[in-house]
Every structure is written in structure tokens, then in C-alpha cells.
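Take a look at the structure below.
The values are calculated or read from the model by the stated rules, or taken from the named source; none is laboratory data. From a predicted model like this one, the values you see are computed outputs, not experimental measurements. In this analysis, Cβ positions are derived from the backbone assuming ideal geometry, glycine residues included, and neighbour counts consider all displayed protein chains.
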Amino acid sequence: MSPPFSDFASLAALHRELEELFLQHQDALLDLELPLAAERLDRFEAAQRLHLEAEEALLLPVFSRAERIRGASPDLFTSEHQRLLEFLARFRSELASLQPGSTGLRRGVLRLLDAETTFKHLSHHHELREETYLFPTLDRVTDEAERRELLAAFLARVKR
């Protein structure tokens with residue numbers, strides 16, 4: 001039986017898991033369950049942060065060994081990571097400012113969901129860039145032993 005993550009391309013499944021966590025947060029927002037929405041946002045942010053930190057510590061240094069790819073530099077990935085985290089800090093703040101039962105609650109939730117749409121677009125484009133350039137390049141520049149070692153280290157960091 002082969003492991004579920006036998007190459008870097010298979011890491012795209014982790015992106016789908018993160019997307020699901022964020023959707024669970026948005027489900028709670030739609031139901032106006034603010035404490036649950038905050039809890040789910042915290043859970044998503046923690047998972048996202050682990051994922052981004054593991055990419056920067058483990059994957060991007062290996063990616064840097066490959067030839068330069070226009071539109072997929074390590075600096076671009078880290079810049080996008082920073083921007084994603086800035087969005088999450090803003091969401092946390094906006095969510096904390098919403099007051100259950102207030103007259104402006106529904107509009108506040110709509111404004112937050114609108115901002116989250118921008119985040120989801122950025123996140124989608126970032127994931128697409130990783131799945132198009134980062135993961136295939138990592139599969140190409142590593143041999144089986146290094147790939148297995150890097151994948152194990154990456155998964156150990158993101159699944160804490």
C-alpha cells in the first residue's frame with residue numbers, strides 16, 4: 001500500500017482541506033453564529049499558518065534550486081503568504097467587532113463575506129500557482145528518497 005502523499009502534486013489535497021475549513025467558518029457566519037464562526041476562523045488560521053510556514057521552511061528552499069520560473073519565484077510565494085495572513089488578521093478583527101443581535105449585524109456579516117471573497121480569490125490563485133509550478137518543480141528536482149523525506153517532514157509540521 002502506497003502512502004497517500006507519494007509526490008508533491010498530491011499535496012493539492014491539503015489545499016482542499018484548508019478550503020473546507022474556511023467554508024465551515026463561512027457557514028457559521030451565514031447562520032449568524034459568531035462564536036462558532038470565530039472558533040472556525042481560528043482553526044482555519046492555525047492550519048493555514050502551519051501550512052505556509054512549512055512551505056517556507058521546507059519546500060521553498062528546495063524550489064530555489066530549480067531554474068527560475070517567471071511568475072513563480074520563492075519571493076512571490078512568501079509575499080502572497082504574508083498577504084493571506086494579513087487578510088486573516090483583518091477578518092479576525094472585523095468578526096470581533098460584530099455584535100450579536102445588533103441592527104447592523106447582517107450588513108456587517110455581508111461586508112465580512114465580501115472581503116473574504118477577495119481572500120478566497122487570492123488563495124485560489126496562490127494554490128493554482130503552487131499546483132502548476134511549485135509542486136511539479138519539486139517533483140522534478142528531487143529524487144525519490146529526498147521527496148519521501150521532505151513530504152514526511154512537511155506533513156509532520158502541518159498535521160500537528
>> Against the definition (of a type in the set (D, E, K, R), at pLDDT below 95 and loosely packed, with under 12 Cβ neighbours inside 10 Å), how does Glu144 come out, yes or no?
In response: yes
> Are any of the residues in segment 103-122 at pLDDT 95 or above, surrounded by 18 or more Cβ atoms within 10 Å (Cβ to Cβ) and among the polar types (S, T, N, Q)?
Replying inline: no
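In this structure, is Arg157 of a type in the set (Lys, Arg), crowded, with 16+ Cβ neighbours inside 10 Å and part of a helix (DSSP H, G or I)?
Numbers: of a type in the set (Lys, Arg): yes; crowded, with 16+ Cβ neighbours inside 10 Å: no; part of a helix (DSSP H, G or I): yes.
In short, no.
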>> Take the residues in segment 45-57 that are touching a residue at least 60 places away in the same chain (Cβ under 8 Å) and of a type in the set (Gly, Ala, Ser); name whichever of them is surrounded by the fewest Cβ atoms within 10 Å (Cβ to Cβ).
In response: Ala57
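Kindly indicate whether any position in segment 85-95 is under 19 Å from Leu14 (Cα atoms), surrounded by fewer than 17 Cβ atoms within 10 Å (Cβ to Cβ) and modelled with pLDDT of 95 or more. So that I can check it myself, show each step before the final result.
Filtering segment 85-95 for residues under 19 Å from Leu14 (Cα atoms) gives 85, 88.
Remaining after also requiring surrounded by fewer than 17 Cβ atoms within 10 Å (Cβ to Cβ): 85.
From the residues that got through so far, the ones that are modelled with pLDDT of 95 or more too are 85.
Checked against the condition, which is being under 19 Å from Leu14 (Cα atoms), surrounded by fewer than 17 Cβ atoms within 10 Å (Cβ to Cβ) and modelled with pLDDT of 95 or more, segment 85-95 yields at least one hit.
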> Of all residues in segment 61-88 being part of a loop (DSSP other than H, G, I, E, B) and without any contact (Cβ under 8 Å) to a residue 12 or more places away in the chain, which is nearest to the chain's Cα centre (by Cα)?
Replying inline: Ser73
> What pairs come up if the first residue lies in segment 30-44 and is of a type in the set (Gly, Ala, Ser), the second is part of a helix (DSSP H, G or I), and their beta carbons are under 7 Å apart, counting only those six or more places apart or on different chains?
Replying inline: Ala37/His25; Ala37/Ala28; Ala37/Leu29; Ala37/Leu95; Ala38/Leu95
> Of the residues Glu67, Glu39, which is surrounded by fewer than 17 Cβ atoms within 10 Å (Cβ to Cβ), out of contact with any helix residue (DSSP H, G or I) (no Cβ under 7 Å at 6 or more places or on another chain), farther than 19 Å from Ser123 by Cβ and at pLDDT 95 or above?
Replying inline: Glu39
